[in-house]
Amino acid sequence: MRGPLFERFTMLYQFHELNRAFLNPLTQWAEASSKLFTNPVSPLAHSPYSQRIAAGYELLFRLGKDYEKPEFGITSTTIDKQEVEIAQSTAVIKPFCKLLHFKKVLSDKELTKLNQPKVLLVAPLSGHHSTLLRDTVRGLLPKHDVYITDWTDARMVPLSAGPFHLHDYIYYVQDFIHYLGAGTHVISVCQPTVPVLAAISLMATAKDPLLPKTMTLMGGPIDPRKSPTQVNNLATEKKFSWFENTVIYSVPANYPGYGRKVYPGFLQHTGFVAMNPDRHAQSHWDFYQHLIQGDDESAEQHRKFYNEYNAVLDMPAEYYLETIKLVFQEFRLPTGTWEVEGKLVRPQDIKNVALFTVEGELDDISGPGQTQAAHDLCIGIPANMKQDYVAPGAGHYGIFSGRRWRDIICPKIGEFIKQHS
């Protein structure tokens, strides 16, 4: 029942905004104080324990500040030992997503000579911004023409743009594939593996002439029943009504999306932290110690990680709830019962799109076997067009960023794309 208690809880987003407004002067003061105790021009920087005091102020600042959407900041790449300038541009604009292009600043003749395959990198719409895949883009750029989906924070989308459902996500993916045209290669990371497989399945059933050459599915919940994680258990242990009544709120009046129903990013972030609270607490303590010890390199690594990790976006309520219900509770894709506006999703109809699945051995978001399940669903794809790789010792983030991604996984994907171009 939606009584007074429910109405009180619907104010959570407003309370969150009030808290942000209250903390803003405190965080600004903490930032300024930290600089006063570190700037060599300031007399306070030469006082006893100045480094400890400055470290405490900076930690307070970072714990309380509001984290804006980061930039990709990719300005160049290296091709055949030569540095090539990169220009980021927007290729397609839709209400809930932009398709970004990382174009190499070369002449038409030079680009033709490179003849690099077009890659559509589908980023997750699951709380973080697409910049989470910055390292993924960097790794692909030397040998590929890279495009990425940049999902819009739902609180920034006016109500006049209408709702955004899970099937809209599927249509967006299809539209982007059509925009890039023949010979496209699709890579999806985490959550979008499901709608990407659905999009390509529907295209195959309709005998779409612009089917991509390959699809690489990385660490996603194709079949969440396999090796269920804490994330999967939450979705199955709670009733659907719990999600409807507990985590959905209206965007406050200080945003363009005023009145839109969303799953707020700050709630998602709280869930992320709650999965490993000890690890995050230790990380902040280590950051404090690094500042005291003058270990600037380690401190900067902490800043970069949490600048990304703490920057979150709101998801449209209808999209989030449908994902919970259809993907994580009813398992519509692996059971063959998923219909998209009356059209059955049939992965078995895919026959000439090569499939590569990538998983992390220690993935605690999408457990081992969940992505591999795509091979059992795509029975129409010949064995010589299928490949699977499980990265030893890799967690969820390790399969698309970091050393394992750069040294092992990215080259494997590059070879797979080259083989099936």
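Key figures
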{"read-out": "Single unsatisfied condition, PRO209 versus (1) in contact with a Leu (Cβ under 9 Å, 6 or more places away or on another chain); (2) not in a helix (DSSP H, G or I); (3) not hydrophobic (A, V, I, L, M, F, W, C)", "value": "(1)"}
{"read-out": "Residue tally, condition crowded, with 24+ Cβ neighbours inside 10 Å and of a type in the set (A, V, I, L, M), over region 203-226", "value": "4"}
{"read-out": "Which listed residue, of PRO411, PRO392, PRO347, PRO316, is touching an Asp or Glu at 6+ places or on another chain (Cβ under 7 Å) and not aliphatic (A, V, I, L, M)", "value": "PRO392"}
{"read-out": "Among residues of region 248-287, those that are outside any helix (DSSP H, G or I) and either in contact (Cβ under 8 Å) with a residue 24 or more places away in the chain or of a type in the set (Phe, Trp, Tyr) (or both), counted", "value": "16"}
{"read-out": "Whichever residue in region 18-69 is touching a residue at least 12 places away in the same chain (Cβ under 8 Å) and among the hydroxyl-bearing types (Ser, Thr, Tyr) and, among such residues, is nearest to ARG303 (Cα to Cα)", "value": "TYR67"}
{"read-out": "Candidate set from region 344-395 (those that are over 21 Å from LEU210 (Cα atoms) and more than 24 Å from the chain's Cα centre (by Cα)); member that is surrounded by the fewest Cβ atoms within 10 Å (Cβ to Cβ)", "value": "ALA383"}
{"read-out": "Any hit, region 288-297, residues being aliphatic (A, V, I, L, M), in contact (Cβ under 8 Å) with a residue 24 or more places away in the chain and either in contact with a strand residue (DSSP E or B) (Cβ under 9 Å, 6 or more places away or on another chain) or under 30 Å from ARG52 (Cα atoms) (or both)", "value": "yes"}
{"read-out": "Residue match in region 228-242 (condition: over 17 Å from PHE164 (Cβ atoms), aromatic (Phe, Trp, Tyr) and touching a residue at least 60 places away in the same chain (Cβ under 8 Å))", "value": "yes"}
{"read-out": "One residue from GLU297, GLU308 being in a helix (DSSP H, G or I) and under 24 Å from LEU217 (Cα atoms)", "value": "GLU308"}
{"read-out": "Among (1) touching a helix residue (DSSP H, G or I) at 6+ places or on another chain (Cβ under 8 Å); (2) surrounded by fewer than 16 Cβ atoms within 10 Å (Cβ to Cβ), the one test that GLU415 misses", "value": "(1)"}
{"read-out": "Qualifying residue in region 63-75 (condition: modelled with pLDDT of 95 or more, more than 30 Å from GLU17 (Cα to Cα) and in a strand (DSSP E or B))", "value": "no"}
{"read-out": "Which listed residue is touching a strand residue (DSSP E or B) at 6+ places or on another chain (Cβ under 9 Å), hydroxyl-bearing (Ser, Thr, Tyr) and crowded, with 22+ Cβ neighbours inside 10 Å, from TYR169, TYR179", "value": "TYR169"}
{"read-out": "Out of TYR288, TYR320, sole residue that is surrounded by 13 or more Cβ atoms within 10 Å (Cβ to Cβ) and either of a type in the set (A, V, I, L, M) or not assigned by TED's automatic domain parsing to the domain that holds CYS190 (or both)", "value": "TYR288"}
{"read-out": "Of residues in region 86-125 being crowded, with 18+ Cβ neighbours inside 10 Å and β-branched (Val, Ile, Thr), the one farthest from TYR263 (Cα to Cα)", "value": "ILE86"}
{"read-out": "Unmet requirement for ALA199, which otherwise passes all of (1) farther than 23 Å from PHE305 by Cα; (2) touching a residue at least 40 places away in the same chain (Cβ under 8 Å); (3) surrounded by 24 or more Cβ atoms within 10 Å (Cβ to Cβ)", "value": "(2)"}
{"read-out": "Test: residue in region 205-216 that is of a type in the set (S, T, N, Q) and more than 30 Å from GLN348 (Cβ to Cβ)", "value": "no"}
{"read-out": "Count - residues of region 238-287 that are touching a strand residue (DSSP E or B) at 6+ places or on another chain (Cβ under 7 Å), at pLDDT 90 or above and not basic (Lys, Arg)", "value": "9"}
{"read-out": "Criterion violated by SER283 - all others in (1) surrounded by 23 or more Cβ atoms within 10 Å (Cβ to Cβ); (2) of a type in the set (S, T, N, Q); (3) over 21 Å from SER126 (Cβ atoms) satisfied", "value": "(1)"}
{"read-out": "Selection count, region 286-332, where residues are among the small types (Gly, Ala, Ser) and closer than 30 Å to LEU197 by Cβ", "value": "2"}
{"read-out": "Number of the condition not met by VAL358 [criteria: (1) within 24 Å of PRO142 (Cβ to Cβ); (2) in contact (Cβ under 8 Å) with a residue 60 or more places away in the chain; (3) not assigned by TED's automatic domain parsing to the domain that holds ASP150]", "value": "(3)"}
{"read-out": "Residue count for region 216-237, restricted to those that are part of a loop (DSSP other than H, G, I, E, B), closer than 25 Å to VAL186 by Cβ and modelled with pLDDT under 95", "value": "2"}
{"read-out": "Long-range neighbours under 6 Å by Cβ, at least six apart or interchain, first residue of a type in the set (Gly, Ala, Ser) within region 303-316, second in a loop (DSSP other than H, G, I, E, B)", "value": "ALA311/TYR67; ALA311/LYS69; ALA311/PRO70; ALA311/HIS129"}
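The values are calculated or read from the model by the stated rules, or taken from the named source; none is laboratory data. The structure presented is a predicted model; accordingly, all values stated were derived computationally and were not measured. Glycine gets a Cβ as well: all are built from the backbone with ideal geometry, and neighbour counts include every protein chain shown.
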